[in-house]
1. Among A128, A37, A63, whose mean-square fluctuation peaks in a Gaussian network model of the chain (Cα, cutoff 10 Å)?
2. Could you give the size of the charge dipole of the chain about its Cα centre, using +1 on the Cβ of each K and R and -1 on the Cβ of each D and E, expressed in debye and rounded to the nearest 20?
3. Rolling a 1.4 angstrom probe over the protein heavy atoms, how many square angstrom per residue are accessible across segment 94-203?
4. At 1.4 Å probe size, with the rest of the protein present, what percent of the exposed accessible area of segment 99-203 is carbon and sulfur atoms?
5. DSSP loop GluC sites (Glu not before Pro) in segment 102-203 with at most 11 other Cβ atoms within 10 Å of their Cβ, which ones?
6. State the answer as a single residue: which of A39, W155, W135 lies farthest towards the positive end of the charge dipole of the chain, with beta carbon charges of +1 for Lys and Arg and -1 for Asp and Glu, about the Cα centre.
7. Dipole of segment 39-90, Cα-centred, from +1 at each Lys and Arg C-beta and -1 at each Asp and Glu C-beta, to the nearest 20 debye?
8. Given T104, T27, L77, which one lies farthest toward the positive end of the charge dipole of segment 1-112, if we put +1 on the Cβ of every Lys and Arg and -1 on the Cβ of every Asp and Glu?
Amino acid sequence: MAQRAGLSERLFEAGQPFVAAQLQHPTVKALEAGQLADAQARSWLEQDYLFLEQEIGVLTRLAWQAPRGQQEELLRLAWNVVAEEIPGHRELCGLFGADLAGLTMAPVTRSYTRWLTDAAADYGTGLAALLSGLWGYSSLGQRMSLPYEPRFRRWVGSYQAPEFGDLAQRFADMVDEARPDPDRALCAFLTGMAHEIAFWAVP
């Protein structure tokens with residue numbers, strides 16, 4: 001990503017070791033190689049589906065607090081999760097035979113989504129918390145090689161999509177515009193990155 005000025009640059013610098021740690025995670029390495037067991041892929045994708053459903057609520061909670069211009073953006077993003085991300089995720093899940101009916105949250109998913117929802121009670125802190133996931137997965141994708149196996153190639157390719165990187169950069173702009181307390185924003189950002197690493201261990 002392009003060099004930035006402001007709080008988001010500090011967040012990105014602090015987050016680099018977390019991206020490096022994800023690249024060494026056994027699940028990520030197996031995904032990059034296109035060798036992740038189907039059962040583990042199904043489990044991860046099912047939990048990510050539950051995460052996306054909760055993300056809609058986080059975005060709308062932030063939108064409720066946002067200044068007018070950002071409020072419209074956040075509501076559009078929430079609708080994008082409903083109308084595009086979730087249907088696309090359903091298709092990816094189908095490639096691995098995932099069953100999205102009657103899912104139960106794993107403890108790591110419950111912990112991640114509850115923390116994110118609580119963080120969104122404060123507008124600037126909530127933006128930084130959500131930015132950690134957007135920037136984290138986008139940065140991870142840019143450093144991963146595309147697998148040859150078509151299903152995994154589609155999965156990793158979704159992290160490398162230019163529009164995903166653009167979304168992360170726009171969220172960074174929103175964090176800079178919101179001017180949250182820098183220490184609280186940094187704590188939220190790094191906590192989010194830690195949740196990302198933990199999420200890769202979904203059974």
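1. The residue with the greatest mean-square fluctuation here is A37.
2. Its charge dipole is roughly 240 debye.
3. Computed with neighbouring chains in place, this is 43 Å² per residue.
4. Heavy-atom surface of segment 99-203 belonging to carbon and sulfur, 1.4 Å probe: 55 percent.
5. none
6. Positive-end residue among those listed: A39.
7. It works out to roughly 80 debye.
8. L77
The values are calculated or read from the model by the stated rules, or taken from the named source; none is laboratory data. Quick caveat: nothing in here was measured; it's all calculated off a predicted structure. Neighbour counts run over all protein chains shown; Cβ positions are idealised from the backbone, glycine included. Each accessible area value is taken on the protein alone, full model and side chains, heavy atoms only, with ligands, DNA and RNA left out. Shrake-Rupley method; radii C 1.70, N 1.55, O 1.52, S 1.80 Å.
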